[in-house]
Every structure is written in C-alpha cells, then in structure tokens.
Amino acid sequence: MKKILFGIIAAATVFCVQAQDNVQVGCVIKLDLTPKGQTNLVEKSVALLSSCGYMDKNLPQKLEDVKKQSHLDFVFASPRTINVPTMQITVKVKEMVISLPLIIGGIWLCTDEGDIYFSKYNYTEVQAVNDLLKEAQRL
C-alpha cells in the first residue's frame, strides 16, 4: 500500500530545490529538505552512482521518457567529476536523473561524451537514499 501511495504522490506533485553547492535538485515528489538534507541527498545519490555495477551507452529508455515518470533530477552548475570504480570509469556529469523506485530504477547521466545509463547499485547505498527521501517526506 505504501508503494502505491508513494507512486500517487510522486506522480501528483513537482518540486525543485537548490542545494548548497549550486546543484539544482528536481524531483517528482514533494520533498521538504533542509540545506543540510539537500547536500546529503546529493552526496548519497553520487555514492549510489559510484556503487553501480552496470553501465550502458545504449540507453534502454530515452531520458525524456524517464523524466515523465517518478525520478530525481540533479543538474550541476558545473560538471561534477564522479568515479565509478566497479566500471573503471570517471565521468564528468552535467545532469543525473535517478528513476524511482530505486530498487528497480536506473541512473541516466548527461555528459560531454553523451548520455550513459547505470544500474545494479549497492543495496546499502539504495537504503541510504531511500532513508533520506522518507525523512524528507515526513517534514
């Protein structure tokens, strides 16, 4: 039931916040994040990306289509360099879109070299981001 309610809330509202390090954080669920919470969400989401075990430059879904569903959208003021050790790659990310729910979602990156899809992230990192999202909904 919680998943259904989360999906309805996620589809019904749109909200954007500005994180302390000039990262625009957009999402399709209403979040009430403090400045510290915004920074934590950015950092935990980057850690989620860093834990990915799968990468594909042939996107399984167009980024525009992902943005029509439940998602988090991070637009960095200047490209952010992120290392993904298991894939042995370092990327300069302009925008990061994480589809929700996290357990079945993926991460789409916009880079200077093109768009890249990542998935199969560490469950501990999934829980950390989910905890932040749940807390932000309670405020």
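The values are calculated or read from the model by the stated rules, or taken from the named source; none is laboratory data. Quick caveat: nothing in here was measured; it's all calculated off a predicted structure. Here Cβ is always computed from backbone atoms with ideal geometry, including for glycine, and neighbour counts include all displayed protein chains.
Taking the stretch 28-139 and the strands (runs of 3 or more DSSP E) fully enclosed by it, the elements with 3 or more residues that are surrounded by 14 or more Cβ atoms within 10 Å (Cβ to Cβ) are at 71-84, 89-99, 107-111, 114-119. In this entry, Pro35 is excluded by the filter for residues that are touching a residue at least 60 places away in the same chain (Cβ under 8 Å) and not small (Gly, Ala, Ser). Note on the stretch 75-118: residues that are among the small types (Gly, Ala, Ser) and either at pLDDT 95 or above or farther than 22 Å from Lys62 by Cα (or both) amount to 2. Evaluate the following for Thr111: is it closer than 14 Å to Val46 by Cα and not aliphatic (A, V, I, L, M)? So Thr111 does not fit the description; no. Filtered by the rule that a residue be out of contact with any helix residue (DSSP H, G or I) (no Cβ under 9 Å at 6 or more places or on another chain) and either among the charged types (D, E, K, R) or within 13 Å of Leu109 (Cα to Cα) (or both), the stretch 30-58 gives Lys36, Glu43, Val46, Asp56, Lys57, Asn58.
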